[in-house]
Amino acid sequence: MSILSDRVLRQALTICLLVYVFSAKGYIECSDTSFSLQTVQAIVTRGHLDIPYAEGGTLQGPDGRSYSKYGIGLALYYVPWVAASDVLACCTRLPGPELTGFLISFANIPFAMLALVLFAKLLKLFGATGVRAWLLPLGLGLGTLTWRYGCYDFSEEMQMALLMLAVYGVARGTPKAIASAGGGFAWLLLVKLLYVAFFPLFLVYLIARPGSLRQRIRNATLFMFPFVLAVCFLAWLNLARFGNLLESGYGSEAGLFFPSQLWHAVPQLLGSPDKGLLVFCPILILGVFGWKEFAKRYRPEALLCGGLVVGNLILAGAWHSWIGGWSWGPRLLVPAIPLWLLPAAFSIPRRQSRALLGIVALLTLTSFLAQIPGVLVKDQEIHQIKENMLTAQEMRSAPSDSVMACILLKHKLAERNEVYRVSEFHIPGNRELDLTGYRTFLGLNVWTEQAARQLKEPALRWLPLLALFPIGFLAVRIGAALKTAV
């Protein structure tokens, strides 16, 4: 049974990889990414970190130079990607910036796959076997925002994978795993300093584990050593750039946390049609029902995972921009999504009935279908319409982001243009909204569509059909395994 589960898991992961590769966008969607790329170029060409000043994206040091406010870990990860694009540009004579954007649009896929593999390993560590061992990773990969952010140049997918590396490493408990967990957490800190708030949770977990005092101190030291190195490096970097050990680059914005808004923000982050985690990822409902059994069997691990989930929710809800800016769904909650789903392994009993498996499979399929509009439609198109094109009166009748994405996708498939009437969005009137001036809004938001238009090769638009054959074959194999399990 274990060999069968491992084989089906590999098939499920292969499907996710193929889907991610053909869901990449082929260009940079997030404007914030440009600051990290400018930092990379400054490192490679001048050996410095300063970049041109930009309001909201940089902070000036005492020497008058400006530096990106975003974590150095992201910029360092982009170095080989930028180097590869420079080599390709020399070999192909294609524009360097376009090649860089194209490659960066694939840069989160390795982290998405790493998160899925670590999630599967964590399930196995907690005794999940049979259908649970492969259906839940498949649900995480294609039934949650992991899919969208695996093909997005926001750093949330990287944060997810590094957080999972830290959790899996300390839960496994071997010296090598704990050292890897410490390295993952240190890198996570370089990507986003806010995660320093979660360090005590990991430290308490390691100290409280069963074993001799010497062993527990050793484990805590193994985890802490990379963390201390990362903190020292960041302190030196802050001092070199801003003359202040504690200045990370966010300036006064770093203090814009408002706990008083949690009563409003948390319900919105969990259940609103625009930003609700359980609305965008219905499969996570399975995880909600498994926490009691999870805590009963693995109390220390449940406390660690629960603390990370609650901590992430509180920090996101208290942040002044808790909606995550112009992004799809509750962006700030994305890194903790695997921990929301993890307890589902305990809500699905070892001996599954046909009815229960049917419900789980249906919920997984529903979650998968819910992701498609967000993957194929550029969410900035939705925000552009709502924020800049609709009147205040029209906005009162505008649908939620999730519904609007479905309407846009239906129009793109049927009309293949970017001229809409407000009535299509169930808004009274017949006024036209013309978005043809936005190049990246045209057609479906995948790299083959963008490349077909840029290179004037319409045949590229149909390239994803080639992936349907292996995906279909693997899906049939997985369906047979699910039927056998019943």
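Using a Förster radius of 22 Å, what is the FRET efficiency between Arg299 and Thr174 based on their Cβ-Cβ separation? Nearest 0.05, please. So, using R0 = 22 Å, E works out to roughly 0.60.
For the stretch 33-104, relative contact order (Cα pairs under 8 Å, six or more residues apart, normalised by length) works out to 25 percent. Placing +1 on the Cβ of every Lys and Arg and -1 on the Cβ of every Asp and Glu, with nothing else charged, gives the chain a dipole about its Cα centre of roughly 2160 debye.
Shown here is the pair-distance distribution of the stretch 378-443: with all Cα-Cα distances grouped in 10 Å bins from zero up to the longest one, the shares run 21, 64, 15 percent.
For the stretch 33-104, what percent of Cα pairs sit more than 17 Å apart? Here the tail beyond 17 Å accounts for 44 percent of pairs.
Rounded to the nearest 500, the 222 nm mean residue ellipticity of the chain from helices alone is -20000 deg cm²/dmol, with -39,500 (n - 2.57) taken per DSSP H run of at least 4 residues. What the Cα atoms of the stretch 304-347 give is an Rg and a Dmax of 11.6, 35 Å. At q = 0.06, 0.08, 0.13 Å⁻¹, what is the log10 ratio I(q)/I(0) for the chain, with the Debye formula run over Cα points and no solvent? So the normalised log intensities work out to -0.28, -0.51, -1.39.
Under 30 Å from the Cα of Lys275, which lysines turn up, not counting those fewer than eight places away in the same chain? Here the lysines satisfying the reach criterion relative to Lys275 are Lys25, Lys69, Lys121, Lys192, Lys292, Lys378, Lys386, Lys410, Lys412.
How many percent of Cα pairs in the stretch 342-486 exceed 25 Å? The answer is 47 percent, as a whole percent.
For the stretch 220-314, the relative contact order comes to 13 percent (Cα pairs under 8 Å, sequence separation of at least 6). Here the contact order of the chain, divided by its residue count and restricted to Cα pairs under 8 Å and six or more residues apart, works out to 17 percent.
Every read-out reported here was derived from the displayed coordinates using simple, explicitly stated rules and does not represent laboratory data. Just so we're clear, the structure is a prediction, and the values are computed from it rather than from any experiment. When we count neighbours, we look across all protein chains shown, and the Cβ atoms used for this are built from the backbone with ideal geometry, even at glycine.
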